[in-house]
Amino acid sequence: MNMPFEKMLEQVTSFIQNEVKTETVIGDAFTLGEFTCIPVIRAGMGFGTGGGEGAAPKEGHGEGGGAGAGLGIEPIGFLVSRADQISFVSTKSNSGLAAAFEKVPDLLIKFMDKQEKEKEAVA
């Protein structure tokens, strides 16, 4: 298989564009009581290529090439809105992501109530 580098890069980029979305990693935005929650992810990627060719006096000509890529995707939190307020709630937890997702409703209520009290104290 002889594929030009530009075509390969175009296909990889298209794949990443279609797959690296919060909808495919976590899911769509959702409503939890009076809160609207939008999942947020972190994505990172790296590419590498190399190639070479050479000739030896009695052994002929040789050439070779290679390519590699890596992709990492991590859920990091939620953008949360209630009425005219918007905040970011992280999913980072010492107990792992599953524990953080279980605590999201309670965390949201406490976080938003605290912000409301601070807002009222300033006014």
Review point. Scanning the range 30-40 for residues that are surrounded by 13 or more Cβ atoms within 10 Å (Cβ to Cβ) and at pLDDT 85 or above, which turns out farthest from the chain's Cα centre (by Cα)?
Key: Phe35
Check your understanding: Which pairs have Cβ atoms under 6 Å, sit 6 or more apart or on different chains, and link a residue in the range 65-90 that is more than 12 Å from Gln115 (Cβ to Cβ) to one that is part of a strand (DSSP E or B) and of a type in the set (Ser, Thr, Tyr)?
Key -> Ala67/Thr49; Gly77/Ser90
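Out of all the residues in the range 23-81, which are of a type in the set (Val, Ile, Thr), part of a strand (DSSP E or B) and in contact with a strand residue (DSSP E or B) (Cβ under 6 Å, 6 or more places away or on another chain)?
First, the residues of the range 23-81 that are of a type in the set (Val, Ile, Thr): 24-26, 31, 36, 38, 40-41, 49, 73, 76, 80.
Subset that is part of a strand (DSSP E or B): 31, 36, 38, 40-41, 49, 73, 76, 80.
Passing the criteria: Thr36, Ile38, Val40, Ile41, Thr49, Ile73, Ile76, Val80.
If I filter the range 82-99 down to residues being at pLDDT 80 or above and touching a strand residue (DSSP E or B) at 6+ places or on another chain (Cβ under 7 Å), which single residue comes out as farthest from Gln11 (Cα to Cα)?
Residues of the range 82-99 at pLDDT 80 or above: 82-90.
Adding the requirement that they be touching a strand residue (DSSP E or B) at 6+ places or on another chain (Cβ under 7 Å) leaves 82, 86-90.
Working: Arg82: 40, Ile86: 37, Ser87: 36, Phe88: 34, Val89: 35, Ser90: 33 Å.
Of everything passing the filter in the range 82-99, Arg82 is farthest from Gln11 (Cα to Cα).
Quick grid of which residues meet (1) loosely packed, with under 11 Cβ neighbours inside 10 Å; (2) at pLDDT 80 or above:
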site	(1), (2)
Phe5	no, no
Leu9	no, no
Val20	no, no
Ala43	no, yes
Gly50	yes, yes
Glu53	yes, yes
Gly60	yes, yes
Phe101	no, no
Asp106	yes, no
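The values are calculated or read from the model by the stated rules, or taken from the named source; none is laboratory data. A quick note: this is a predicted structure, and the numbers were derived from the prediction, not measured. Here Cβ is always computed from backbone atoms with ideal geometry, including for glycine, and neighbour counts include all displayed protein chains.
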